[in-house]
Structures are given as structure tokens and as C-alpha cells.
Amino acid sequence: MHTRTAGELRAENIGEEVTLTGWVWRRRDHGGLIFCDLRDRTGMTQCTFDPEHAQGSAFHTAETMRPEWPILVHGTVIARDAETVNPKLPTGEIEVLVDHIEVLGRSKTPPFQIEDGIETAEDTRLRYRYLDLRRPEMAEKLKLRSDFTFAIRSALHNRAFTEVETPALFKSTPEGARDFIVPSRLQPGSFYALPQSPQLLKQLLMVGGVERYYQVAKCFRDEDLRADRQPEFTQVDIEMSFVDQDDVMGALEDVLADAFAQVGVEMPTPLRRINYWDAMDTYGSDKPDTRFGMHLVDLTDVFKGSKFKVFSGAANTEGHVVKAINAKGAGTWPRAQIDKLAKVAESFGAKGLAWIAFREDGSMNSPIVKFFSDEEMAELKSRCDVEPGDLVMFAAGPRLASDEILGGMRSHMADALGIEREGHDFLWVVDFPLFHWDDDAKRYEAEHQPFTLPHVDQLDLLETNPLAMGSCTYDFVMDGFEAGGGGMRIHDAELQLKMLEFMGFTEERAKEQFGFLMEALTFGAPPMGGFALGLDRVCMLLAGSDSIRDVMAFPKTSSGSDLMSGAPSAVSLGQLKEVSLRLM
């Protein structure tokens, strides 16, 4: 219908006859002239209606049109008067003198302005998502997502990866409570599961000789939601065979650097690699943002003889630590504001928060400072680089728990103090523990997944110290978020069964759940490893957004609801009967 788009016209198009289509953004009636800003997916052009130039009823139509009406206009590109040039608009040097208009549709008054920077509640925007998507900033984010997806597809295709689609209806996993299950009509009482990941299928593709696989895969997980999680999400799923860990990581760096470059972001390679425990001990996170300091400082040896029993007790207990962070500038906060940090620390697992505020006048404000000796205080100040105006916060207890508490406080304080994080931050966190202890289930569980290859030189620790076992794993961290993760896979059926049994599976249950995989591993399975990139999360970070909902066309709310369509919703009794179900 159109010959040009509303965002492409420039001074060099002056004199050209054009046909444009789009939505009326704003209409301004200046008496003898009517001006209309016409908006489409590419931008905006000012259209001018002059009763002496417009044909037939065109001027009268312009008088009646309203915001968000879709229209077609035909006219001539002319130069704007010098005093009306808009330097903020790419098309600001020109306008279209309209001689013909067609109204293609009409619109009710929208519930919010179709423009950037609106302060409309998110629930309202999601209720009318199709209108929200018309706003330029939302259109730009979807375009960015499209460009990055195309770029990573191209990068993989150009490196001999084969795109393979795997089923959306598959077998439920052992963690079935997090699966979305789908009843089978043809096999009453049996269920499919929507995949949380194509993990098992891509391992079977490696057994099948595909060697280099990828898929832009839709995945589903029925779990509590956060700003960076949704019940359905998209990951770029990758697997390679006849490789070791360095082969996989090197190939991934090559692909990612290429894809990021296509959207104007430089990712220097090779990426830094940080061991899991080094990341935890330094940043308090296995997905650290290294664009700012506030590192965790180990003070365990300083407080072994302390009169403060909380610290000395931890310092003299094996596996426990005393650590601190220094939030520079927060020592000037009022006492009431500092006291509120205890609630923040509790959200990260702390029972309270010990702290010392070093005031600018040289005094110290703290309920615990009276317990410290001069030597302990001097060492604390030296190791934490304390200056007037600083706030030092402590954690004492098990190593991992203390790291996580201070890691959470580190991020919170960086936000509270407005610490700048410039550019993008890329790195690998590698060699995660193979297992963690689940205190509720009273058993060992896989830190990543049950199919992860352990460090083969540590297999003897399975019987003596399983929590000390490392794994061939690597998480891709971007700007303090886990943007992707992967690992090498177990490709030996006996070792796979041994690992499942250690995690509490009987041989019968292991074969019931994973018999098809373990049988496949007996037919010459090659060494294999893979990776999954969180496409939604990466696009969120590229767009500078705080929520993945901003880069998804039709996201759910934090309760898993679609406010636009009303999903999830009830189904009829007839539908339930067809799949042999009834509601309790």
C-alpha cells in the first residue's frame, strides 16, 4: 500500500511523490492548515493538509481524524520552513504535503499515550499489550531481539551447526512438580510434559551423529516468577560432540562475539574464567558483576581470639568464616537507615547484620565495636581499606551462606549508593560443585543437572567427600546475570547410573525415567558438551531493561497470568472428560 516508510524520508527526497501508511500520532489544527504526525514501525513524518492543495474531501477528513487511526496518505515531499525544522527527528527537515487521504480504520481513545516514557502501570500496559507494542521504545526492543536472534542463528549456521527442532511434547522429568503437564486423550491417565529444556534430546542427537546442533527453543517451567523469569522462555540451545571443555567454550566465545558484534556490542575474547569458589569468595555470587569493587574480605584469622563470641565462634569452627564488605559512603547514613539493612540481610539468609559506621568526624557508631581490641580494629581497617564515611558489614557462619549474604548486600548497596556500572561485563564462571545437599529432601542433588560430567580425577570422592567434587561446567555471566550455562555430559551408561543412584534413584526408577538415554549411551556415545543461552535475559540486558517482559511480545505477569487474554482460564467439563480428568 505504501511506497515509502514514515521514518526513511530525508532532504534528498524533496520533490518525490510518496504514499505512506501508519497511525495518526498527533493532529494539530492551525486554522488554515492541519498538521498530522504519521507513525509507523520505522519512525514518524509530519504530514500537512492545505485546503488549497488537498483533493476533494481530504482536508475535511483530516479535520475529523483522531489519534491512533490507521490512515494512508499520498503527497509530495517538501522542505520545512527553516523555523519549523525539528533537529530531534530524523525526518525533521521535511514534511509531506498531502493531496489524498484514506482512513483505513478508526480507534477508540487509547487507555494510555502511545509514546515513550509513559508512567502507566505495567498491568495496564499488559492488558492492552497490542497498544503498548506500538510505542517506539517497545518496537525497538522487539527489533533488537529479532536482530540478535538472527545474528546468533547466522553465527551458528556459518560454523556448521545444524538446526534441529525437538518435540514440545515429551516425557516428564524427576522434578515433575515444575513441569507443565499435558494429558493424553488417546492414552487416558498418561501425560506429556512441556520441556524445561531439550537436554536429553540433544544428547540423543549427539549419539545420532549430528555433532553440532542448535535450536532456538521454547521452554517451559512451572515455578515462581521474578523480573527475569517467565513460565515460558526462549533459549538458544547448543550441543557438540567429539569435544572437550575448552573446545566447547572456545566455539561459544567465537559465536557469541560474532552475534554481539552484529548488534553493536563488543565482547572481548578470550573471556575471563573465574572458578566458582573464587567467584563466591570474592563477590559473594556465582554470577558476579565485576564492574564495581566492594569485594568480600576474609577476616576469619583476625577474630579467632575475639571477645565478640559470634565472630570467634565462627572463626574457630571448621568450614565457617568471618567476612566483611566496605560500602564506601554509607557510613554517613543516619542510624535508622543503617538499621533497616538488617531486614535486607535477612532476605539473603542472615539472622541479623553486624556493622560498623565510620563517621566522617573520626568516630565509630556500632553496637559491636566495644568488643574489638585495638589490634583487631587496626587489622580490620587495613584489610577493608576503611576511610571516614565508610560502612563495614559482616557475615559470620558457614562459608557458602556467608558469601551469599554479603553477595546480596553487595548488590543491594551498589544500587542504594548509585554506583555506576558502565558498559557490558562478560565472563565465565567455571568448575561448579557437582552436588549440593538438600536439607529438606535429606539427599545430595545435582548442582546443575544429573547428566553433568564430574572431574574424572575426583570420582573417589563420591564415597568420602561428595561435596568436594567438581564438575565440568561453565556459566556465561553478563552484567551480573547468569545469561547462559552449560557443561560436559556423562557419555558412559554405567557412570550415569552410578550418579543417579547416588542422588537417591533406585536402578528401577533410573531406568523408568532415563532408560532410553542410558540405553543410547551403550551404543558408542561420543564425548559431548553443550550450552543454553537465555535469549530473553540477554536481550533484556542489551536493551538496558530491568525486566524480560520488556523484550517479550506477550509476557505473563508475576503471577503467571496473561492480562490481555485472561489465561490461564477454566475449560469445559466436556474438555476435561475427553482427557479423562475431573476437578477435585
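Throughout, read-outs are computed from the coordinates displayed, never taken from laboratory work. Everything numeric in this text was worked out from a predicted model, so none of it was measured. Positions of Cβ are backbone-derived with ideal geometry, glycine not excepted, and every protein chain shown enters the neighbour counts.
In what sequence, highest mean first, do 267-277, 535-545, 17-27, 123-133 appear when ranked by Cβ atoms within 10 angstrom? Write out the running numbers ahead of the final one.
Values: 267-277: 14.7, 535-545: 21.0, 17-27: 19.0, 123-133: 16.4.
Final packing ranking: 535-545, 17-27, 123-133, 267-277.
Is the shape of the stretch 292-420 rounded, prolate or oblate, going by the alpha carbon gyration tensor and its root eigenvalues a ≥ b ≥ c, with a/c under 1.5 for rounded and a/b larger than b/c for prolate? Oblate shape, in that a/c is at least 1.5 and b/c is the bigger or equal ratio. For the stretch 465-476, putting each phi into the Karplus relation 6.51 cos²θ - 1.76 cosθ + 1.60 with θ = phi - 60° gives couplings of 8, x, 5, 8, 6, x, 9, 8, 10, 7, 9, 8 Hz, in residue order, rounded to whole numbers and with x for Gly and Pro. How would the stretch 11-103 be classified by its alpha-carbon gyration tensor: rounded, prolate or oblate, with rounded meaning a/c under 1.5 and the a/b versus b/c comparison settling the rest? Rounded.
How would the chain be classified by its alpha-carbon gyration tensor: rounded, prolate or oblate, with rounded meaning a/c under 1.5 and the a/b versus b/c comparison settling the rest? Oblate, because a/c is 1.5 or more while a/b does not exceed b/c. Hey, which of these cross-link pairs are over 19 Å Cα-Cα: Lys323/Lys351; Lys218/Lys287; Lys304/Lys370; Lys171/Lys218; Lys202/Lys287? Result: Lys218/Lys287; Lys202/Lys287 exceed 19 Å.
Among 291-301, 178-188, how do they line up by average Cβ neighbours within 10 Å per residue, starting with the highest? All intermediate terms of the calculation are to be shown ahead of the outcome.
Numbers: 291-301: 17.6, 178-188: 13.0.
Descending mean neighbour count gives 291-301, 178-188.
Only helices enter the 222 nm calculation for the chain: every DSSP H run of n ≥ 4 contributes -39,500 (n - 2.57), and dividing by all residues gives -8000 deg cm²/dmol, rounded to 500.
Pick out, in residue order, every one of the GluC sites (Glu not before Pro) in the stretch 209-271 that is DSSP loop and has at most 16 other C-beta atoms within 10 Å; say none if there are none. Mind dumping the intermediate values first?
On the way: sites: Glu211, Glu223, Glu232, Glu239, Glu253, Glu266; in loops: Glu211, Glu223, Glu266.
The qualifying sites are Glu223, Glu266.
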